[in-house]
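First comes the structure, then the notes that go with it.
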Amino acid sequence: MSFNPQFARIGEVLLHMGVVAEDQIKEALIKQNNFNLKLGETLLKLGYVNENNLLKALHQQLEIDVVDEDTLMDLDPKVVQLIPEAFAVSNKVIAIKEEDDAIVVAMTDPENIVIQDNLKKILSKPVKPVLVSESTLVDTQEKYYKSIRTTSEVEDAVGDFGFVAVDEDEQEINIEKSASADAPIVKLVNLIITEAIKAGATDIHVEPLYKHTRVRFRVDGALREVMNPPLGVHPGIISLIKVMSKLNIAERRLPQDGHISLKTAIKAVDVRVSIAPTVLGEKAVMRLLDKGDFGFKLTTLGFEDDNLVIFKQWIRRPYGIIIVSGPTGSGKSTTLHAALKEIQDIETNIITVEDPVEYRLEGVTQIETKEKIGLTFGTALRHVLRQDPDVVLIGEIRDAETADIAVKFSLTGHLVFTTLHANDAPSTVTRLIDIGIPDYLVGSSLNLVMAQRLVRKICKHCKTDYKPTKEEISDCGLTETEAKEINFKIGKGCVHCDNTGYKGRTGIFEILEVSQNVRKCIFEKKNQDVIRDTALNNGMQTLHGSAQNKMIEGVTTIREVIKLTIVE
């Protein structure tokens, strides 16, 4: 007798598909009442099935189509709006298409007659249900309802905007005095910052174009456009940002830097503000620093096992300097704070001097420099010695004075962590010497130098096979034969990753242990090429090699490897 899924229970369909065992179904039947879930949802919660298998089973059982995820990438917001957000979220539905005689609605539970009846009343049309997984639905709802909310709030804030922020003498009006709590500009700036925090952005760019203002967020290291307010509101936005960061509102010809401390419903953030004059007007860039608890660990940063062992060994040494190098936004501070968290204990006095304090660490003494009152790196560090430190973190070596103090700390029995802007690990060594530290002191004090970058991770929901071009293979430093052995991956783009193909970032690392051979090169004033060759002979893996490993593992794409690293 042939199996007919339409007359079977969901457990029987899954069993027939071969994705669950009988004992797993029995366990789920016992536990489903405790969870207050259906059997399929219980199996999903227990980890015995995945969302795709459950959707396939429901498709067979109910003869209801599964929504094509490509369709979800290009929904009409007007159709989505037909179902109020509160109802859509609580009942796990979203309107995806309007047909002549029905509204196509993606649902996680199309068997729920009550939800379908309520939808008919809301839509005043029959409902044609299609199946969707819960995770896909949640991301789709977040994408479209967030866009709808943002568009609506921007229109509310600036739709009736009939003025520019200047007085009769063409001078900018002081918004601190003129803007009320519900003023349009205040609403708009609040919306921009709030949406940036929700998106997990690290930077906000507000810049004037010829016809409108462009607002972009940097998420996972890449800028993405989020809104385009009218150009007429731009002076007002910049003025309010200046007022909030205590900058000179009347100065429009020179760059200015300031900061804002904010407490939102989501989290507390410190905002570093940079205002720069451009030919079209002033541009504001705001860097968002999370003032919450530090949640990173060394094991979650992307270290390969052997590199992690090496790094952990060196951060537990009693003295010497450990330098992490790379450009702004490459994760240097995150790595060093994770290192401090790794070695922190009740017997160790750890002090940091930073500008600014990006992460708060419980039990660590953190000092933030304030140049306006004379609290520079040099001033703070000279007083740190009187605080009986065991470990000192110096936010960044910017000049000879800071570098000299770091070296002296390391030579008097302290372990020093710091950062430096350099392209790779060997050039970090020569950069220290260029700053003005004698080579014999550099060689004596350095323990380890690590260069790092952040590469974007492929979205796990839309990861698919990829065949690179000959140019990409060549640019990545591979031969055709080597490329044939690699199963290249790429993200095709979906609702989970906002159609970018990437979700999250991970680190790539180049660790140079200052061994006896390397010290000899430094003492003999060898250039960075000789230092690099010596380190490579000692087993150092380059940034390019680390990125290639991530690519081979299917974590990142060949495009990221080419974009962020250079073939040695």
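The values are calculated or read from the model by the stated rules, or taken from the named source; none is laboratory data. Given the structure is predicted, the values throughout are model-derived calculations rather than measurements. FYI the Cβ positions are ideal-geometry reconstructions off the backbone, even for glycines, and counts take in every protein chain you see. To get the accessible areas, we keep the full protein, side chains included, count just its heavy atoms, and leave off ligands, DNA and RNA. Shrake-Rupley method; radii C 1.70, N 1.55, O 1.52, S 1.80 Å.
Once both labels are positioned 7 Å from their Cα atoms along Cα-to-Cβ, the gap between K128 and L46 label points is 3.7 nm. Taking the protein heavy atoms of the stretch 194-295 in the context of the full set of protein chains, the accessible area attributed to carbon and sulfur is 53 percent at 1.4 Å. At q = 0.19, 0.21 Å⁻¹, work out log10 I(q)/I(0) for the stretch 53-105 with the Debye formula, treating every Cα as an identical point scatterer and leaving solvent out; two decimals please. Scattering profile of the stretch 53-105, log10 relative to I(0): -0.78, -0.91.
Once you have the Cα-Cα distance between I566 and E12, take 0.36 nm times their residue separation minus that, and quote the gain in nm to one decimal.
Working: separation 554, 0.36 × 554 = 199.44 nm, distance 5.43 nm.
Between I566 and E12, full extension yields 194.0 nm more.
Volume per residue for the stretch 214-308 equals 149 cubic angstrom (convex hull of Cα atoms).
Taking amide hydrogens as placed 1.01 Å from N in the peptide plane, the amide H of R360 sits under 5 Å from those of F294, each at least 5 positions away in sequence or on another chain. With the simple spin-label model, which puts each label point 7 Å out from Cα in the Cβ direction, the E63 to E482 separation comes to 5.6 nm.
The stretch between N112 and E371, if pulled fully straight at 0.36 nm per residue, gains 86.9 nm over its current Cα-Cα span.
Residues of the stretch 354-394 falling in the label zone of S274, defined by backbone nitrogen less than 16 Å from a point 7 Å along Cα to beta-carbon, are 355-356. Think of it this way: in the chain, C476, C521 stand alone, with no other Cys Cβ under 4.7 Å.
Annotation: per residue accessible area for the chain equals 50 Å², rounded to a whole number [probe 1.4 Å, protein chains only].
Against the set (i) 82, 62, 61; (ii) 83, 74, 52; (iii) 103, 75, 48, the structure's computed Cα extents along the principal axes in Å falls on (ii).
Put simply, the amide H of R505, placed in the peptide plane, has neighbours under 5 Å in K457, leaving out anything fewer than 5 places away on its chain. Translational diffusion of the stretch 1-151, estimated by Stokes-Einstein from the Kirkwood radius over alpha carbon pairs at 25 °C in a medium of 0.890 mPa s, is 149 µm² per second. For the stretch 449-540, with all protein chains in place and a probe radius of 1.4 Å, 42% of the accessible heavy-atom surface sits on carbon or sulfur. For the stretch 433-498, applying the loop criterion from DSSP together with a ceiling of 16 other beta carbons within 10 Å to the GluC sites (Glu not before Pro) yields E485. Taking the longest Cα principal axis of the chain as reference, the axis of helix 134-158 is set at about 80 degrees.
I'd like the antiparallel share, as a percent to the nearest 5, of DSSP beta bridges with both residues in the chain.
65
Applying 0.36 nm per residue to the separation of D434 and F523 and subtracting their alpha-carbon distance, the gain on full extension is 30.6 nm.
Here the label points at E553 and K97, each 7 Å from Cα along the C-beta direction, are separated by 4.0 nm in the simple model. Rolling a 1.4 Å probe over the protein chains gives D70 an accessible area of about 90 Å². Given a 1.4 Å probe and the protein chains as shown, S515 ends up with an accessible area of around 40 Å².
Report, in deg cm²/dmol and to the nearest 500, the calculated mean residue ellipticity at 222 nm for the chain, where each DSSP H run with n ≥ 4 adds -39500 (n - 2.57) and the sum is divided by the residue count.
Estimated from H runs of four or more residues: -12000 deg cm²/dmol.
At an R0 of 22 angstrom, the distance between the Cβ atoms of D390 and F296 translates into a FRET efficiency of 0.50. Rounded to the nearest 5, the antiparallel percentage of DSSP beta bridges internal to the stretch 1-134 is 45%.
Across the stretch 201-212, coupling constants 3J(HN,Hα) worked out from phi with the 6.51/-1.76/1.60 Karplus curve, θ = phi - 60°, read 6, 9, 9, 10, 10, 10, 9, x, 10, 5, 10, 7 Hz, and Gly and Pro carry x.
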